[in-house]
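Read through the structure below, which is laid out as structure tokens, and then see the notes.
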Amino acid sequence: MPDLMPRYLTAFHPKRLPHRFVDVLIIGGGLAGLRAAIEIDRSLSVLVVTKDQLRQSNSIFAQGGIAGVIDPDDRFEDHVADTISAGGGLCDPAVVEMVVREAPQRIQELIDWGTKFDQDAGELALGREGGHSHHRIVHAQGDSTGREVMRAVIDWTARLPHVTTWENSFTLDLLTDDEGCRGAIVAGGPAGLAMVWARQTILCTGGAGQLYRETSNPEVATGDGLAIAWRAGAELRDMEFMQFHPTMLYIAGSARTLVTEAVRGEGAHLVDKNGLRFMGDFDPRLELAPRDIVSRAIVLQSLATS
Ligand SMILES: Cc1cc2nc3c(=O)[nH]c(=O)nc-3n(C[C@H](O)[C@H](O)[C@H](O)COP(=O)(O)OP(=O)(O)OC[C@H]3O[C@@H](n4cnc5c(N)ncnc54)[C@H](O)[C@@H]3O)c2cc1C
């Protein structure tokens, strides 16, 4: 059939599909997608499409919290140094500097939009997590930080008249021409299968969380954005930087539950099957070593004692 577009995953005919036009199309309704929507000039029309419910994303599942230099005794320089060290020297120092210095302002923004972080004697309560030399993690309802942040951000976004959201709308492919990305083909929105044309398209589809049998990621985290961007000819980079957790509750036959890093921040120890605390053999930071080191240590200790 000559009028089919072979680059695309699905066969479609542009004349037979509904067309929608927006200024900005955001694919993904997690924290990254909604944060991008909030930032966009209110004179522009924004469409956020998400393949599940808005309340179903990795962002909702985030537990321990958000790092920022909040305590007057903490220092940006220390947070930068901790981050560079946890990144094994692979971080872009300029990006680290920007993220660390903007963090308090971004946390305040979330508070302004309605997020209720946990407090201690009227001040933000600060936890500690792996790789951090100081207590600097703000959290909400203990370890339900993502749920609370997303509650506030979803409510805030819903009030913005220039932002429309399509839930249960699966992006199948990006629409491209010689000039670049022109939008996407979206299935399941109010128009059924539709071509959504946009002046700008922002991909915020989260990570690839289903690579391993054991995972703390929800089922929606399947790396779709990476796949459709690659299919459309984009160059992918830094593919090894996938967020993961070293510790989960394993009970044969039941669902896996993350044992948040904040537990180790509060002083929990990792012990092997003989009750031996083993992290001292691997890193002087013990249980608060960065995640890759903790994961490697768990695997090596498990192999050595199996
Ligand atoms: C159990 C757990 C605990 C965590 N704890 C923390 C923590 O304490 N602190 C921290 O900073 N981070 C934590 N994280 C990581 C954090 O949650 C993620 O890094 C962050 O939420 C990613 O946000 P995102 O918006 O990029 O992606 P997501 O929140 O995953 O959102 C992706 C969105 O894209 C949509 N989507 C995907 N594919 C398509 C498609 N084909 N078509 C349409 N829509 C699509 C999804 O429906 C979803 O709305 C945790 C993660 C997990 C799983």
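All of the numbers you see were taken from the coordinates with simple rules; none came from a lab. None of the values given here were measured: they were computed from a predicted structure. Reconstructed Cβ throughout: ideal geometry from the backbone, glycine too, with neighbour counts over all protein chains shown.
Data overview
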{"read-out": "Alpha-carbon centroid distance for the pair segment 19-97 / segment 106-142, whole angstrom", "value": "16"}
{"read-out": "Cα shape, segment 66-138, gyration tensor, a/c 1.5 rule", "value": "prolate"}
{"read-out": "Shape category assigned to segment 248-305 from the gyration tensor of Cα positions, a/c cut at 1.5", "value": "oblate"}
{"read-out": "Angle in degrees between helix 76-86 and the longest Cα principal axis of the chain, rounded to the nearest 10", "value": "90"}
{"read-out": "Cα centre as origin, Lys/Arg/Asp/Glu Cβ charges: the chain dipole, Debye", "value": "1100"}
{"read-out": "Extension reserve of the residue 274-residue 210 stretch, reckoned as 0.36 nm per residue once the Cα distance is removed", "value": "19.9 nm"}
{"read-out": "Table column - 3J(HN,Hα) (Hz), segment 152-165, Karplus curve with 6.51, -1.76, 1.60, x for Gly and Pro", "value": "5, 6, 5, 4, 5, 5, 4, 7, 8, x, 8, 10, 10, 10"}
{"read-out": "Rounded FRET efficiency, nearest 0.05, which uses the C-beta distance separating residue 251 from residue 109 and R0 of 45 Å", "value": "0.70"}
{"read-out": "Computed magnitude of the charge dipole of segment 109-149 (debye, nearest 20; Cβ of K, R +1, Cβ of D, E -1)", "value": "100"}
{"read-out": "Between helix 291-305 and the chain: long-axis angle, C-alpha atoms, 0 to 90°, nearest 10", "value": "60"}
{"read-out": "Loop-located chymotrypsin sites (Phe, Trp or Tyr not before Pro) in segment 246-306, at most 13 other Cβ atoms within 10 Å (DSSP)", "value": "250"}
{"read-out": "Among 161-167, 202-208, 150-156, the order from most to least packed when residues are scored by Cβ within 10 Å on average", "value": "202-208, 150-156, 161-167"}
{"read-out": "MRE, 222 nm, helices only [DSSP H, n ≥ 4, -39500 (n - 2.57), over the chain, to nearest 500]", "value": "-8500 deg cm²/dmol"}
{"read-out": "Between 0 and 90°, nearest 10: helix 93-112 axis offset from the chain longest Cα axis", "value": "80"}
{"read-out": "Ordering of 38-51, 261-274, 230-243, 125-138 by packing [mean C-beta count within 10 Å, highest first]", "value": "125-138, 38-51, 261-274, 230-243"}
